[in-house]
Amino acid sequence: MTISYNWLQQYLPKTLTVAELSHILTSIGLEVEGTELVEAVKGGLRGLVIGEVLTCEQHPNADKLKKTTVNVGGDRALSIVCGAANVAAGQKVVVATVGCQVHPINGEAFEIKKAKIRGEESEGMICAEDEIGLGTSHDGIMVLPAEAKVGTLATAYFSIADADTAIHIGLTPNRSDAMSHIGVARDVCAYLSHHEGKQYAVVMPELKADFAKNNSKPIAISIAANAQEACARYAGISLGNIKVGPSPDWLKRALEAIGVRAINNIVDITNYVLHEYGQPLHAFDAAKIVGNKIEVKCLAEATKFTTLDSKERALYAEDLMICNAEKGMCIAGVFGGADSGVSDTTTSIFLESAYFNSASVRCTSLRHGLRTDAATHFEKCVDINNVIPALKRAADLMVEIAGAEIVSAVQDIYPKALPSVSVTATYKYIQNLSGKLYTPAVIKGILSALQFEYVSETEEGFTVKVPTNKNDVSLAADLVEEVLRIDGLDQIAIPSRLNISLLKPLENDRAQREKIATILCGIGFQEIVTNSITNSKYYPEETPVVRMINSLTSELDVLRPSMLQSGLEVVHYNINRKNQSLSLFEFGNTYSTKAVGEYNEQPILALWLTGAVRAASWSQKEESANLFYVKSVVENMLQVSGIAKVVVHVDAEGLIHWKWKNESLATAYKLTTEKAKQFDIKQDVYYAEINWALWYKAMGSVKVTYSEVPKYPAVQRDLALVLDKTIPYQEVQKWTKQAQINAMKSYDLFDVFESEKLGADKKSYAMNYTFQLADRTLTDSEIEGFMKQLTDIYTNKLNAQIRS
């Protein structure tokens, strides 16, 4: 939030410097993140004076330059070389003297220095309006009226307003009471009262208009019964004889200092009061209020309404609307309508000030994607007791600035007063929580300065009534926070000794994730991070998706039930930019619904491969990604993770499944052409999805054992099996394991051969076996026995033929 230093000073009973104010604000929890000098004219025309051209002669060494002498007051005239065609003797001009900074409209500021131009000395510069920030013309130097007094400072001559300072505050979401200049001033006065021992109060603006004089053109107001929860209070006043036009300079400067663009006097006044009181207002053109009637109600679902930005929107049944006798005029607390706003021809207005329910405004604002200053204030809760003061303040300014005439009494519809909030606290509790001993008198002084009303007091504690501007105060702990803030958060003593308890760290899978990520990065994968909120169009077949209640955009409306699609977006993005070989992985979560109101969050490790997994070089050919490569990656991860007893199965559709203890551990497959087309991908993509929760559990079950490095040599043997093509390699693995040969340390498939010479529908697997014992060297007869045991199993169980 941004506040203006000059504007804030209007409400403070004593003058504070920017540094003093910044210190106080940070001490009371309104942290100043930075300050910024705001000037009506950049540089403030400092160092510039009004001068008179005494002589003007042709430069002896340049056709387009003039040599002048200029009187700027004082004992002697300055010699200045000027290139403007319109410079002449007798003119009153603006002169930038040596040493001053000049701030042009375009370009960087520069310092005026004494110089020689084509051999002639120049002691300053005669200025054009664009060179000093007073306009955009560069046709020649500024020529002032003859009555301009020589030696007058340009700041005084042009009546340049004093510079302001914009103070940027890091406002926390709960501090709606400080979303205005008066709200900030209230906290500053409380701080000064506490620390200086005397009572300071906010200097409130004085109202000059007569609100009881005229009630000739009232507009009837009603709040529908079903809208009273969303609109607890609605007030308004009618004003006539309005003259819409530019705002006075002081109002423009105040708004521009906080980054608000001036529009016209009526709109600017409503914006000014919004940032003064924190109360949003809305001005309707009274001539466009059909039936002279305001109705606060909800319209039918899908009713069409055109907003101020000329967009037609379909309303929701829950949207609160401000209507005339025939149709809606404004989305309450959010955005005005195109047909009811103030224009240059407006002569009478109805000014609205209301208290709209924060949840109702926020839901409507998000549903329509309309984030306005008014909605931001309402959704953080405004002060219901500011509705009338802010309304009167704006009407008073319109009388003063726009020549308005008040033509109705203030109408205030407040069917049911909001219940007051009372909080009880004990002095012992305040001491324990704050760590500081405050006397009852100090606590009462701070809370009273913040407008808390004491209901009762005892020796042990007290009960206070919370002011309506403090929507975040409902507990005794909140009162402690208020006391600490005003005493100064920087006053909290840091103890000389800090005691901490060392707790057992919570179990997490960080080490295991790092281990797997290191393996994948080592074989050429890159880690990605994608948004778990994605587009529901990717999942037309998924019914139990978790939908966002308040989605930011229509393209981000569900939590992903699968990791596949978010990764394919990354693949598509890279392929479109000629990065066509990708090996990607991501640790993320998927989401699904179990029952109404119950949700499931599943940690997943996902892999995506497309293009080449190994680039071509002088020594090797390019290797493209395929399903076998994906399988090898998963198998490698299993081996490094130490996960054993995993069953691998390939189904009829070509999907590879890994199961551990009869639960699905991982799945890998090639994307269908249809799925790839959905993302405009024209090359093969392979995908593997790992149930990370189960994988982590399986890694945790591994018992690490250590054994001595074998002293005796290992022996390798090869075997070629001729099998039916229908028999997968998994069957060979299965029966090899069931041989239960303890001396067999490993086995591997190193070649697959198919040929008509083998027979119809036949293939050959070339296997390699490694045998080794820890206590002795294997004999030839033992090894031959192992090989015979294996060939017998393959022959009997798989009907294999052994190739010699």
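The values are calculated or read from the model by the stated rules, or taken from the named source; none is laboratory data. If you're wondering where the values come from, they're calculated on a predicted model, not measured in any experiment. Counting neighbours? That spans all protein chains shown, and the Cβs are built from the backbone with ideal geometry, glycine included. In case anyone asks, the SASA skips ligands and DNA or RNA and just uses the protein heavy atoms, side chains included. Shrake-Rupley method; radii C 1.70, N 1.55, O 1.52, S 1.80 Å.
Here are the numbers for the structure shown:
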quantity: Equivalent ellipsoid semi-axes - Cα gyration tensor, the stretch 121-198, angstrom; calculated: 46, 18, 12
quantity: Distribution of pairwise C-alpha distances over the stretch 151-253, 5 Å bins, in %; calculated: 2, 7, 8, 10, 13, 14, 16, 13, 9, 4, 2, 1, 0, 0, 0
quantity: Other-chain or far-sequence residues with amide H under 5 Å of R233's (modelled H); calculated: Y355
quantity: Contour minus Cα-Cα distance for H168 and N432 (0.36 nm per residue); calculated: 91.7 nm
quantity: Packing rank of 432-445, 293-306, 163-176, 352-365, where each peptide gets the mean count of other beta carbons within 10 Å, highest leading; calculated: 352-365, 163-176, 293-306, 432-445
quantity: Hz values of 3J(HN,Hα) by residue in the stretch 631-647 - Karplus curve (6.51, -1.76, 1.60), Gly and Pro given as x; calculated: 4, 5, 5, 5, 4, 4, 5, 4, 5, 5, 6, x, 7, 10, 6, 9, 9
quantity: Translational diffusion coefficient (Stokes-Einstein; Kirkwood radius from C-alpha pairs) of the stretch 552-681 at 25 °C, 0.890 mPa s, in µm²/s; calculated: 144 µm²/s
quantity: Solvent-accessible ranking of W250, W618, largest area first, probe 1.4 Å; calculated: W618, W250
quantity: Using θ = phi - 60° and Karplus 6.51 cos²θ - 1.76 cosθ + 1.60, couplings along the stretch 78-94 (whole Hz; Gly, Pro as x); calculated: 8, 8, 10, 8, 10, x, 6, 6, 9, 6, 7, 5, x, 7, 9, 9, 9
quantity: C-alpha long axis of helix 564-575 to longest principal axis of the chain, angle in °; calculated: 80 degrees
quantity: Cβ crowding within 10 Å averaged over residues, with 221-232, 43-54 ranked highest first; calculated: 43-54, 221-232
quantity: Rounded to the nearest 20 debye, dipole of the chain from Cβ charges on Lys, Arg, Asp, Glu; calculated: 1520 debye
quantity: Computed E for K515/A156 - FRET, C-beta separation, R0 56 angstrom, nearest 0.05; calculated: 0.15
quantity: Alpha-carbon spread of the stretch 306-353, three principal axes, descending order, Å; calculated: 34, 22, 20
quantity: Rounded to 5, percent antiparallel among DSSP beta bridges of the chain; calculated: 95 percent
quantity: I160 accessible area, 1.4 Å probe, all protein chains in place, Å² to nearest 10; calculated: 30 Å²
quantity: The chain: radius of gyration and largest Cα-Cα distance (Dmax), Å; calculated: 40.4, 125
quantity: Within the chain, helix-based [θ] at 222 nm, where runs of 4 or more DSSP H residues each add -39,500 (n - 2.57), nearest 500; calculated: -7500 deg cm²/dmol
quantity: Relative contact order [Cα under 8 Å, 6+ residues apart], the chain, whole percent; calculated: 9 percent
quantity: Using θ = phi - 60° and Karplus 6.51 cos²θ - 1.76 cosθ + 1.60, couplings along the stretch 732-737 (whole Hz; Gly, Pro as x); calculated: 5, 4, 4, 6, 5, 5
quantity: Full-extension gain in nm, L552 to S496, via 0.36 nm per residue minus C-alpha separation; calculated: 15.4 nm
quantity: Label zone at F628 (point 7 Å along Cα-to-Cβ), backbone N below 13 Å, the stretch 721-743; calculated: 729
quantity: Loop-located GluC sites (Glu not before Pro) in the stretch 649-741 whose Cβ has at most 15 other Cβ within 10 Å (DSSP); calculated: E653, E708
quantity: Accessible area, probe 1.4 Å, largest first, for residues F679, F335, F753; calculated: F753, F335, F679
quantity: Interchain or long-range residues, amide H under 5 Å from I294's placed H; calculated: A220, I221, S222
quantity: Cβ charges +1 (Lys, Arg) and -1 (Asp, Glu), total dipole of the stretch 237-357, debye; calculated: 140 debye
quantity: Rounded tilt (10° steps) of 358-368 against the dominant C-alpha axis of the chain; calculated: 70 degrees
quantity: Whole-angstrom Cα spans of the stretch 76-146 along principal axes, big to small; calculated: 30, 30, 21
quantity: With Cα atoms, 0 to 90° folded angle of helix 387-401 axis to the chain main axis; calculated: 50 degrees
quantity: Extreme residue, positive dipole direction of the chain, given options I492, V646, V715 (C-beta unit charges); calculated: V715
quantity: Tail weight of P(r) past 14 Å, computed on alpha-carbon pairs of the stretch 501-582, percent; calculated: 74 percent
quantity: Residues of type lysines that K763 reaches as a straight line, Cα spacing below 19 Å, ignoring anything fewer than 8 places off in the same chain; calculated: K725, K734, K797
quantity: Charge dipole of the stretch 46-187 about the Cα centre (unit charges at C-beta), most positive-ward option of M125, Y157, M142; calculated: M125
quantity: Rg/Rh for the stretch 202-292, where both radii come from Cα atoms and Rh is the Kirkwood radius; calculated: 0.99
quantity: Heavy atoms of K428 accessible to a 1.4 Å probe, total area in Å² rounded to 10; calculated: 130 Å²
quantity: Largest to smallest accessible area among E111, E147 [probe 1.4 Å]; calculated: E147, E111
quantity: Cβ-derived FRET efficiency at R0 41 Å, E507 paired with E453, nearest 0.05; calculated: 0.20
quantity: Solvent-accessible area per residue for the stretch 104-227 (1.4 angstrom probe, square angstrom); calculated: 54 Å²
quantity: Evaluated over the stretch 652-804, the Cα radius of gyration and Dmax, each in Å; calculated: 20.1, 61
quantity: Potential extension, S781-E318 segment - 0.36 nm per residue separation minus Cα distance; calculated: 158.0 nm
quantity: Centre separation in Å (Cα based) which lies between the stretch 300-322 and the stretch 75-146; calculated: 57 Å
quantity: Solvent accessible area, Å² - R253, 1.4 Å probe, full protein context; calculated: 100 Å²
